[in-house]
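Below: the structure, in structure tokens.
The values are calculated or read from the model by the stated rules, or taken from the named source; none is laboratory data. Here the structure is a predicted model, which means the values were calculated and not measured. Glycine also receives a Cβ, built like all others from the backbone with ideal geometry; neighbour counts cover every protein chain displayed. Surface accessibility is based on the protein's heavy atoms, side chains included, excluding ligands, DNA and RNA. Shrake-Rupley method; radii C 1.70, N 1.55, O 1.52, S 1.80 Å.
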Amino acid sequence: MREHAQSEDGAGGGAAQRRWPPILGGVLLNLALGMFYGLSVFLLPLEKEFGWTREQTSWVSSVGIVIIASTYIFAGKLYDRKGPRVVAIIGGVTYSLGYLLASTISSLTSFYLTVGLLLGIANGFGYVIPTAVASKWFPDKRGLMIGLMVGSYGAGSGIFGPLAAKLMEHLGWRGVFQVYALIFFVMTMIAAVLLKNPPAGYRPPNWRAQAAAAPPVDVPAAEMVRTSTFKFLWIAYAFGTAAGLMVISQLVPFARSAGYSAATAALAITVGALGNAAGRIFSGWLSDRAGRLNTLRGALIVSAAVFPALYLLRTEVVAFYALLCLAYYCYGTQLSVYACTSADFYGTRNIGLNYALLFSAWGVAGILGPFLGGRVYVATGDYRLAFFIAAGADLVALVALTFARSPQRNPLPVLAAG
């Protein structure tokens, strides 16, 4: 039986009292999966041991992100049909297996297959769940709660990235992969037990959606992708997040190239993760009040100014950390607010597949961002050009968003095929 059809809690207060355990499950799941953003901590040890180049190791981020976005579409369909628990279990088991097998790698191919392919598949299955579940349980606080869900993903790298750097001093990188396989298995299985959809027809007690903010009729994916607003959102999502992923994929090598020690570079992961989590949570809350598109536009304007400044002031440690935190904040904002926008514009009945299709833009960004950073560094010996191109990508995203319109205020025009 589909979990979204369960009704044993009723549609009122009894169910409302049970909407917090699924949130805890979503936080646990995303904290574990969020270490994907901290994988750059392994790049230098692997390059040193195997003689791989920066361009070669950078491709693992692109492989993983493309796999995440591709798997997300299938996982979204499965979630809409079977509910969150089955999908979360698949994601958690695959994630732990990926870390375990990563401890045995001896070639670049095995590196891509474990850290790129398996962890990518796991994230594709796992990441869909907390966002969708939170959106259904908290229509009254959608921005804030989705922000909390995706914020925990951003925070995961801030916790487990520096811990990995510390553990490698004693266990080596193979030992860290093994320890994380066990830790993440426990976390994701607990999360899977807690995750569930609300009963059919659920509404929070004493909550009535205002007419202007009421969600639209649930839009099927086939209809959604034909609208011009979806296309503009997709373009903005791709270019805006490509800029952030360039920094995320190169963070530790970039910090080391600026002259910082390994410990200082590892701390940069934590600083970035804090900014990432703050952007996802606070901007999610802000978008409930200022509007989804306004919040996104503001983040892109700030981001376009931050990237050049981050490169130019990279040797000033206080400015480096402050600007890095702000860059991650703007990136995290997009991962939170686009998810809310999808639910607001197109409803929650088909949210698994609908947001997966919008999220595929992030998969394209996963090719552009890491490739940009690694390729520019190999070609020029530094990251200057990459940061200025990233600022330009933010401006392209900003222009695309000027053409996006909320269906609550304006009809969604349909672009003719061909």
**Report entry** Estimated dipole of the chain in Debye, rounded to 20 [Cβ of Lys and Arg +1, of Asp and Glu -1, Cα centre]
**Finding:** 720
Query raised in the report: At L24 and A379, where each label point lies 7 Å from the Cα along Cα→Cβ, what is the point-to-point distance in nanometres?
Result: 5.1
Query raised in the report: Helix 54-82: angle to the longest alpha-carbon principal axis of the chain, degrees 0 to 90, nearest 10?
Result: 20
Query - Candidate residues I159, I65: accessible-area rank, largest first, probe 1.4 Å - result: I159, I65
Query raised in the report: Counting only the heavy atoms of the protein chains, how much of S257 is accessible to a 1.4 Å probe, in Å² to the nearest 10?
Result: 60
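So what is the relative contact order of the chain, in percent, for Cα pairs below 8 Å that sit 6 or more residues apart?
On the way: 817 pairs, mean separation 115.9, N = 418.
Relative contact order of the chain: 28 percent.
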Report summary line: Counting only protein heavy atoms with a 1.4 Å probe and every protein chain in place, the carbon and sulfur fraction of the accessible surface of the range 35-164 in whole percent equals 68
Query raised in the report: Residue farthest toward the positive end of the dipole of the chain, with Cβ of Lys/Arg at +1 and Asp/Glu at -1: which of S406, F387, L296?
Result: S406
Query raised in the report: In nanometres, what is the gap between the two model label sites at A222 and A309, each 7 Å from Cα along Cα-to-Cβ?
Result: 4.9
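So how do C330, C325 rank on accessible area, 1.4 Å probe, biggest first, that is with the largest at the start? Present the calculation step by step, with values, prior to reporting the outcome.
Working: C330 5, C325 50 Å².
If we order C330, C325 from most to least accessible, we get C325, C330.
Would you mind finding the longest exposed-site-free stretch of the chain, with exposed GluC sites (Glu not before Pro) meaning DSSP loop and at most 14 other Cβ atoms within 10 Å?
9-315
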**Report entry** Given charges at Cβ of Lys, Arg, Asp, Glu: the chain dipole, positive-most of A265, T71, F138
**Finding:** F138
Requested in this report: Please compute the net charge surrounding G143, taking Lys and Arg as +1 and Asp and Glu as -1 over other residues with Cβ under 11 Å from its Cβ.
Outcome: +2
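Calculate, in nm to one decimal, what K82 and A290 gain on full extension: separation in residues at 0.36 nm each, minus their alpha carbon distance. Could the numbers behind the result be given before it?
Details: separation 208, 0.36 × 208 = 74.88 nm, distance 3.46 nm.
Additional length available on full extension: 71.4 nm.
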Report summary line: Rounded to the nearest Å, the spacing of the alpha-carbon centers of the range 356-403 and the range 41-61 is 21
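Work out the FRET efficiency for V186 and D140 from their Cβ-Cβ distance, taking R0 = 45 Å, and round it to the nearest 0.05. Intermediate values should be presented prior to the final figure.
Details: r = 32 Å, r/R0 = 0.72.
Plugging the Cβ-Cβ distance into 1/(1 + (r/R0)^6) gives 0.90.
Determine the calculated [θ] at 222 nm for the chain from helices alone, applying -39500 (n - 2.57) to every DSSP H run no shorter than 4 residues and normalising by the residue count; nearest 500 deg cm²/dmol.
On the way: 15 runs with 312 residues, N = 418.
Estimated from H runs of four or more residues: -26000 deg cm²/dmol.
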Query raised in the report: Using the beta-carbon distance between L167 and F388 and R0 = 45 Å, what value does 1/(1 + (r/R0)^6) give for FRET efficiency, to the nearest 0.05?
Result: 0.80
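Which residues make up the longest stretch of the chain that has no trypsin sites (Lys or Arg not before Pro) in a DSSP loop with at most 12 other Cβ atoms within 10 Å?
Values: sites that count: R2, R208, R409.
Maximal segment without exposed cleavage sites: 3-207.
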Query raised in the report: Relative to the first principal axis of the alpha-carbon coordinates of the chain, what is the inclination of helix 262-290, with its axis defined by its Cα atoms, in degrees from 0 to 90 and to the nearest 10?
Result: 20
Query raised in the report: So between T264 and V302, what do we pick up on full extension, going 0.36 nm a residue minus the alpha carbon distance?
Result: 11.2 nm
Query - Estimated inter-spin distance, A200 and S257, nm [label 7 Å along Cα→Cβ] - result: 5.6
Requested in this report: Filter the chymotrypsin sites (Phe, Trp or Tyr not before Pro) in the range 134-210 to those in DSSP coil with at most 11 other Cβ atoms within 10 Å of their Cβ, and list the result.
Outcome: W207
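Just want to confirm a number: the relative contact order over the range 167-312, from Cα pairs under 8 angstrom separated by 6+ residues, in percent. The partial results should precede the final answer.
Numbers: 23 pairs, mean separation 12.8, N = 146.
It rounds to 9 percent for the range 167-312.
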